[in-house]
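I have placed the structure first, in the form of structure tokens, so that the comments after it can refer back to it.
Only the coordinates and a few stated rules stand behind these numbers; no lab work does. Just so you know, these numbers come straight off a predicted model, no measurement behind them. Quick reminder, even Gly has a Cβ in these numbers, built from the backbone with ideal geometry, and neighbours come from all protein chains shown.
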Amino acid sequence: MELKTYKTIERWSPELDGVFTLPDLKAALDISSEPTLYRTLAKMVENGTLLKIKRGIYATPTASLQAISNRIDPTAYISTGTVLAEKTIIGSIPVYRVQAVKVGRPRTYSCKLGTIEHLSVNSKLYFGFNTLSGLRVADAEKAFLDVCYFSYCGKSFSFDPVSDVNFAKLDLSKIETYLEAYGSRFVTFFNRYWRQQ
């Protein structure tokens, strides 16, 4: 049974980016009884075939934190240092951490693979991202502004948003356009630290 369930997970994993909801697992493992499903999942977690991320979401040990973030909340777009580091606008950031932005309550999820942090903005600041293979990802300018905005709100980052950012790789005219959506207090704060860059 264990080999069969392992092979089933392995077969379905690429299609689901290694992240499974309970309905996914119920269908993939062809188990109709909930107690049997939970017993099977407990064994799979115990032997390391699956990791429990949160209630109702499981992942393979090779799943990416970005894919897990997307399954937890598909409306959350990957942003801040995660995007800036991928685009070499800042140096490296902690590998085992992903930050995404959404409308609604902020949440943090920790598992053996690392930490996923969902930061919160109001709906008028929910823009500046593209959808790539089903994953929402901020463009560099919005990721930078998200860092500035959350710094303004008192959040600290593993890099210095003033001195560690390569501004030559950012489209400053796009930043100016995006700034029109923000309140005057934040714009004043932004001008104080970043306008001279």
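Among the listed pairs K102/K155; K54/K155; K7/K43; K52/K112; K124/K174; K43/K112, those with a Cα-Cα distance over 20 Å are K54/K155.
Classify the range 2-59 as rounded, prolate or oblate from the Cα gyration tensor: take a ≥ b ≥ c as the square roots of its eigenvalues, call it rounded if a/c is under 1.5, otherwise prolate when a/b beats b/c and oblate if not. Show your work: numbers first, answer last.
Numbers: a/c = 1.19, a/b = 1.14, b/c = 1.04.
It is rounded, given that a/c, with a ≥ b ≥ c, falls under 1.5.
Based on Cα contacts under 8 Å between residues 6+ apart, the range 88-197 shows a relative contact order of 23 percent. DSSP finds beta bridges in the chain, and of those with both partners inside it, around 70 percent are antiparallel. So which aspartates and glutamates can K142 reach, going by Cα to Cα under 20 Å and dropping same-chain residues fewer than 8 places off? In chain and number order, the partners are D73, E86, E117, D160, D164, D171, E176, E180.
For the range 2-59, what does the relative contact order come out to in percent, with C-alpha contacts under 8 Å and a separation of six or more?
On the way: 35 pairs, mean separation 21.2, N = 58.
Here the relative contact order equals 37 percent.
Out of these labelled values of semi-axes √(5λ) of the Cα gyration tensor in Å, [x] 39, 15, 14; [y] 36, 20, 14; [z] 25, 22, 15, which was calculated from the coordinates shown here? The listed entry that was calculated here is [x].
In the chain, the longest principal axis of the Cα atoms and the axis of helix 140-152 are about 80 degrees apart.
What 222 nm value per residue comes from the helices of the chain, counting each DSSP H run with n ≥ 4 as -39,500 (n - 2.57) and dividing by all residues, nearest 500 deg cm²/dmol?
Values: 8 runs with 79 residues, N = 197.
Counting only the DSSP helices, I get -11500 deg cm²/dmol.
Between L50, L37, L113, the GNM of the chain built on Cα springs shorter than 10 angstrom shows L37 fluctuating the most.
So how far, in whole Å, is the C-alpha centre of the range 129-197 from the one of the range 50-113? For the range 129-197 versus the range 50-113, the Cα centre distance is 19 Å. With a simple spin-label model that places each label point 7 Å from the Cα along the Cα-to-Cβ direction, the separation between R11 and K54 comes to 3.1 nm. Computed about its Cα centre, the charge dipole of the range 2-59 is approximately 180 debye, with only Lys, Arg, Asp and Glu carrying charge at their Cβ. Springs join every pair of Cα atoms under 10 Å in this Gaussian network model of the chain, and among D17, D146, D30 the largest mean-square fluctuation is at D30.
Nearest 20 debye, what's the magnitude of the dipole of the chain about its Cα centre given +1 on Lys and Arg Cβ and -1 on Asp and Glu Cβ? Spell out each step's value before the answer.
Working: 25 positive and 19 negative charges, 96 e Å.
Computed charge dipole of the chain: roughly 460 debye.
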